[in-house]
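Visitor: Take this structure, written in structure tokens, and hold onto it; I'll ask about it next.
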Amino acid sequence: MLDLPRLRALHAVSVHGSVAAAAAALGYTPSAVSQQIGKLERETRTTLLERRGRGVALTEEARHLAETARELLSIVERAETTLEERRGRPSGLLTVAAFASAARGLLPGVLAGLAARHPALDVRLTEVDPHLSVDLVARGVTDLAVAHDWDIAPLPAPEGVEQAVIGDDRCDLVVPAGHPFTARRLVRRADLGGQRWVCQPPGRVCHDWLMRTLRTAGFEPDIAHMAEENHTIVALVAAGLGIAVVPRLGTGPLPPGAVAVPLEPLPVRRLYALWRTGASRRPAITETVRTLQEHWPIVAGLLPGDASSVPLTRGGDRE
């Protein structure tokens, strides 16, 4: 009889590509994951991991076993969903993946609310890239993801994954205090030529949006500085080193030396919750999605009925 936790550890290594990454996703130590796989190797009398440089790689036998593990974990998920649905209340373990600014600006209040109302529900949060999180949901590594898209990069929802709109995150043009843009009522995209920019590195949606937007307006972007975190980007702007487009979620109050000015048209990114279709009836999923949507207007500082507060939609609806 194969041990399910050991199969889960092998599946996590196959998805994340390393023992350390699998351990982070599962909430274990790397040594604990290695021990689980070592026991699985002894149970199956099969070599599952091979040394490759400083890391490890799955053997051919391990890849086949990992696929079987994925199928078994899916069956277990359906059984757990049925039991939780019959109990009629959110319970058990729920793993959530969210991008950095959502993990900082949205999830703390949501998780605290869920913990207060549903003590039998154990929610575990991991911060990940928004587009990686969709694949993690599809593969069964995480139960629910909070991700975002922009108008230039729609968020794909693969077969077997459902999504609901949480809300729209408005973005500001942030400039140094004393910049000529601070004297304007609004700035149009056609006015953005000749500026030095601070933005995220290539491959990030924010970076791609900025490059495409400026080039469409007829300007070749002058990227002076790049940083992963919005707080770092804003700090560089406050130091007078460039201007930036920054989402409001997770950014917090601007420091002295940085000023937000209206940009027309206003850049917006849309936030989604995503989960596997097989878990749609699970109370933990429906309650978490509902709480995300209820909490969004509070975080975004919206009035009731504001267009950024979007009702629950399913199956890839895009309103």
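Visitor: Every residue in region 176-220 that is touching a strand residue (DSSP E or B) at 6+ places or on another chain (Cβ under 6 Å), over 20 Å from Arg248 (Cα atoms) and surrounded by fewer than 17 Cβ atoms within 10 Å (Cβ to Cβ), please.
Guide: Result: Arg196, single match.
Visitor: Hey, another quick one. Listed residues Pro119, Pro158; which is open to solvent by 10 Å² or more (accessible area, probe 1.4 Å), farther than 22 Å from Leu73 by Cβ and either outside any strand (DSSP E or B) or not aromatic (Phe, Trp, Tyr) (or both)? It would help to see each step written out before you state the result.
Guide: Working: Pro158 fails: farther than 22 Å from Leu73 by Cβ.
Step by step, each of Pro119, Pro158 is checked, and only Pro119 is open to solvent by 10 Å² or more (accessible area, probe 1.4 Å), farther than 22 Å from Leu73 by Cβ and either outside any strand (DSSP E or B) or not aromatic (Phe, Trp, Tyr) (or both).
Visitor: Grab the strands (runs of 3 or more DSSP E) fully contained in region 221-307, keeping just those with 1 or more residues being surrounded by 22 or more Cβ atoms within 10 Å (Cβ to Cβ) and not charged (D, E, K, R). Talk me through it step by step, then tell me what you get.
Guide: Values: elements: 222-226, 244-247, 258-261, 268-276.
Passing ranges, in order: 244-247, 258-261, 268-276.
Visitor: Another question about this same structure. Conditions first: (1) surrounded by 18 or more Cβ atoms within 10 Å (Cβ to Cβ); (2) at pLDDT 80 or above. Glu127 passes all but one, so which condition is the exception?
Guide: Only one criterion in (1) surrounded by 18 or more Cβ atoms within 10 Å (Cβ to Cβ); (2) at pLDDT 80 or above is unmet by Glu127, namely (1).
Visitor: Separate question: Filter region 146-198 down to residues that are charged (D, E, K, R) and over 18 Å from the mean Cα position of the chain (by Cα) and give me whichever is farthest from Leu274 (Cα to Cα). Full working, then the answer.
Guide: Taking region 146-198 first, the residues charged (D, E, K, R) are 149, 151, 159, 162, 168-170, 172, 184-185, 188-189, 191, 196.
In the following step, the residues that additionally are over 18 Å from the mean Cα position of the chain (by Cα) were identified as 159, 172, 184-185, 188-189, 191, 196.
Numbers: Glu159: 12, Asp172: 26, Arg184: 40, Arg185: 38, Arg188: 34, Arg189: 32, Asp191: 37, Arg196: 36 Å.
If we take residues in region 146-198 being charged (D, E, K, R) and over 18 Å from the mean Cα position of the chain (by Cα), then Arg184 is farthest from Leu274 (Cα to Cα).
Visitor: Out of the residues in region 49-78 meeting the condition of being within 11 Å of Leu7 (Cα to Cα) and in contact with a strand residue (DSSP E or B) (Cβ under 8 Å, 6 or more places away or on another chain), tell me which one is surrounded by the fewest Cβ atoms within 10 Å (Cβ to Cβ).
Guide: Residues of region 49-78 within 11 Å of Leu7 (Cα to Cα): 62, 65-73.
Cutting the leftovers down to in contact with a strand residue (DSSP E or B) (Cβ under 8 Å, 6 or more places away or on another chain) gives us 62, 66.
Values: Ala62: 24, Ala66: 18.
Among those that are within 11 Å of Leu7 (Cα to Cα) and in contact with a strand residue (DSSP E or B) (Cβ under 8 Å, 6 or more places away or on another chain), it is Ala66.
Visitor: Something else now. For region 2-17, enumerate the residues that are surrounded by fewer than 16 Cβ atoms within 10 Å (Cβ to Cβ) and within 21 Å of the chain's Cα centre (by Cα). Break it down into steps so the answer makes sense when it comes.
Guide: We begin by selecting, within region 2-17, every residue surrounded by fewer than 16 Cβ atoms within 10 Å (Cβ to Cβ); these are 2-5, 17.
Matches in region 2-17: Gly17 only.
Visitor: Of all residues in region 18-32, which are open to solvent by less than 50 Å² (accessible area, probe 1.4 Å) and either modelled with pLDDT of 90 or more or over 16 Å from Ala69 (Cα atoms) (or both)?
Guide: Within region 18-32, Ser18, Val19, Ala21, Ala23, Ala25, Ala32 meet the criteria.
The values are calculated or read from the model by the stated rules, or taken from the named source; none is laboratory data. Note that the structure is a prediction, hence the values are computed from the model and not measured. Positions of Cβ are backbone-derived with ideal geometry, glycine not excepted, and every protein chain shown enters the neighbour counts. Ligands, DNA and RNA are excluded from the accessible area calculation, which covers all protein heavy atoms including side chains. Shrake-Rupley method; radii C 1.70, N 1.55, O 1.52, S 1.80 Å.
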